[in-house]
Amino acid sequence: MIPDPSHSGQKSGGRGAHGDDRNTRREARELALRMLFQIDVGKQPPGEVIGEALAQSKLEGVNREFCEVLVRGVLAHLRDLDARIRALTPDWTPDRQAAVDRSILRLAAFELLHQPESPVAAVVNEAVELAKKYSTAESGRFVNGVLGALARQPRGDAEIENAPEGDAPKEDKEKEDKEDRDTDGGGDV
């Protein structure tokens, strides 16, 4: 597992406007990263890693659940997440990326695509901070660029699966399909 810098006397950031909630959500993301890294690099069984890490963590309640949702969500959507990351980084496919950077990108991509209640800026900023903390300054810039590009893309299926039935995404899709038909047939190219 990635070493926990909090055991080396380093203090975590101060409390923001959200008090403990914000810091524990940040801690949930950090623990999720550490678990994903261990599963990826250590080839450890996910159930064991998740169970052990959560048992040893100080996370409680919704933040503990949030952490587990992140890890299990990344694992469940791994192929799609890697495909999206690969499309944005053709020269740096996930298998060529540093393991910690790959885990950070997967984690943040899952949250951007499948956790619409998470603010995009918070997801990107915290991923960049994790990259700087556990990798390099260059990794921070790389992660920022990839996630910035991903955040500008439509959410696609994630938006549809998270919307209540009969909501706008279906209508938007029909509108986009009509616009695509209107522009495909006759126009200057």
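Rule-based calculations on the coordinates, nothing more; no lab input. On a predicted model such as this, the values are computed, not experimentally measured, just so you know. All Cβ positions, even for glycine, are placed from backbone atoms using ideal geometry, and neighbour counts span all protein chains on display.
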Apply the Karplus parameterisation 6.51 cos²θ - 1.76 cosθ + 1.60, with θ equal to phi minus 60°, to every residue of segment 76-89 and state each ³J(HN,Hα) to the nearest whole Hz, in sequence, with x for glycine and proline.
-> 5, 10, 4, 4, 5, 4, 5, 5, 5, 5, 4, 5, 8, 9
Order by protection proxy (mean Cβ within 10 Å, highest first), peptides 29-41, 134-146 | 29-41, 134-146
Note down the nm distance, to one decimal, between modelled labels 7 Å out along Cα→Cβ at Glu138 and at Gln153.
-> 2.4
Highest-first arrangement of 77-86, 106-115, where packing means the average Cβ count within 10 Å = 106-115, 77-86
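Expressed as a whole percent, how much of the Cα-Cα distance distribution for segment 19-153 exceeds 22 Å? Working shown, then result.
Working: 2684 of 9045 pairs.
It works out to 30 percent of all Cα pairs.
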Rounded to whole angstrom, the alpha-carbon centroid of segment 45-88 lies from that of segment 93-108 at a distance of 14
